[in-house]
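The values are calculated or read from the model by the stated rules, or taken from the named source; none is laboratory data. Predicted, not measured: the structure shown is a model, and the values here were computed from it. Cβ atoms come from the backbone with ideal geometry, glycine included; neighbour counts cover every protein chain shown.
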Amino acid sequence: MYDALVAFCKWLEGTPWGVSTRTSLWLYPFIQLIHFSGLTVWLATNIAVDLRLLGIGKRRQTAAQLSDGLFAWNWIGFCVVVLGGFLLFSSTAGTYVTNPAFRVKLGMLVPLALVWHIVVQQKARVWGQAEETLPAGKLAGLMELLLWISVITAAVEIPNY
């Protein structure tokens, strides 16, 4: 299985987008900028809903209304993050796949945080109907915040390996 993954990574590095991203003077930083911009939108919308679930912020909207209002922006940001991340990964996939921080981030933390985010988005409509969020909603919002902080921490550690 690992040999197949390494072979896929080598193939990915040889694709036109992998070679272009790796060899261009300006393309890698530009894609990184796009990736981080999408990440900003993605995380900002997540954090806004999570903080509202925790009871922090202006009370003009319930957590459910805020979640509904940010839904499209949240998933647009996610799509930009995935596309940018894929292009960055394709530039040196073989190096990334052997990086312990990258493996923890993409193999464990991102799937866990993403599944939890989907649960929170669905349940926010129930937990966040009233002005005061249910204790389960507060706990879920706090857990999502902690998961995304863990993902960011793992991402920051990637260059150190």
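Is it the case that L83 is part of a helix (DSSP H, G or I), aliphatic (A, V, I, L, M) and touching a Ser or Thr at 6+ places or on another chain (Cβ under 7 Å)? So L83 does not fit the description; no.
Which count do you get for residues in the stretch 12-35 that are hydrophobic (A, V, I, L, M, F, W, C), loosely packed, with under 13 Cβ neighbours inside 10 Å and in a helix (DSSP H, G or I)? Reasoning before the result, please.
Filtering the stretch 12-35 for residues hydrophobic (A, V, I, L, M, F, W, C) gives 12, 17, 19, 25-27, 30-31, 33-34.
When the remaining residues are screened for being loosely packed, with under 13 Cβ neighbours inside 10 Å, the result is 25-26, 33.
Then drop every residue that is not in a helix (DSSP H, G or I), which leaves 33.
Total satisfying the criteria: 1.
Quick one: which residue in D50, D68 is in contact with a helix residue (DSSP H, G or I) (Cβ under 6 Å, 6 or more places away or on another chain), modelled with pLDDT under 95 and in a helix (DSSP H, G or I)? Reasoning before the result, please.
Values: D68 fails: in contact with a helix residue (DSSP H, G or I) (Cβ under 6 Å, 6 or more places away or on another chain).
Being in contact with a helix residue (DSSP H, G or I) (Cβ under 6 Å, 6 or more places away or on another chain), modelled with pLDDT under 95 and in a helix (DSSP H, G or I) holds for just one of D50, D68, which is D50.
Just one of the listed residues (A64, A93, A48) is under 24 Å from N160 (Cβ atoms) and surrounded by 14 or more Cβ atoms within 10 Å (Cβ to Cβ), namely A93. Among all positions in the stretch 114-131, there is at least one residue which is exposed (fewer than 13 other Cβ atoms within 10 Å of the Cβ), closer than 15 Å to I56 by Cα and not polar (S, T, N, Q).
When the criteria are applied in full, F8 fails the requirement of being surrounded by 17 or more Cβ atoms within 10 Å (Cβ to Cβ), out of contact with any strand residue (DSSP E or B) (no Cβ under 7 Å at 6 or more places or on another chain), modelled with pLDDT of 90 or more and of a type outside the set (A, V, I, L, M).
Being in contact (Cβ under 8 Å) with a residue 60 or more places away in the chain and closer than 16 Å to L146 by Cα is the filter here; which residues of the stretch 22-57 pass it? Walk me through how you get there before you give the answer.
Here is the first cut: in the stretch 22-57, the ones in contact (Cβ under 8 Å) with a residue 60 or more places away in the chain are 22, 28, 43, 46-47, 49-55.
Residues satisfying the conditions are L43, N46, I47, V49, D50, L51, R52, L53, L54.
Looking at the stretch 126-138, is at least one residue hydrophobic (A, V, I, L, M, F, W, C), at pLDDT 90 or above and more than 15 Å from the chain's Cα centre (by Cα)? First the steps, then the outcome.
Kept after step one, since they are hydrophobic (A, V, I, L, M, F, W, C), are these residues of the stretch 126-138: 126-127, 130, 134, 136.
Within this subset, residues satisfying the condition of being at pLDDT 90 or above are none.
No, the conditions are met nowhere in the stretch 126-138.
Of the residues that sit in the stretch 96-113 and are touching a residue at least 12 places away in the same chain (Cβ under 8 Å) and among the small types (G, A, S), which one is surrounded by the fewest Cβ atoms within 10 Å (Cβ to Cβ)?
A101
Quick one: in the stretch 109-140, which of the residues that are touching a Gly at 6+ places or on another chain (Cβ under 9 Å) and in a helix (DSSP H, G or I) is nearest to F78 (Cα to Cα)? Result: V120. Report whether or not S67 is farther than 14 Å from G84 by Cα, touching a Gly at 6+ places or on another chain (Cβ under 7 Å) and polar (S, T, N, Q). Yes: the conditions hold for S67.
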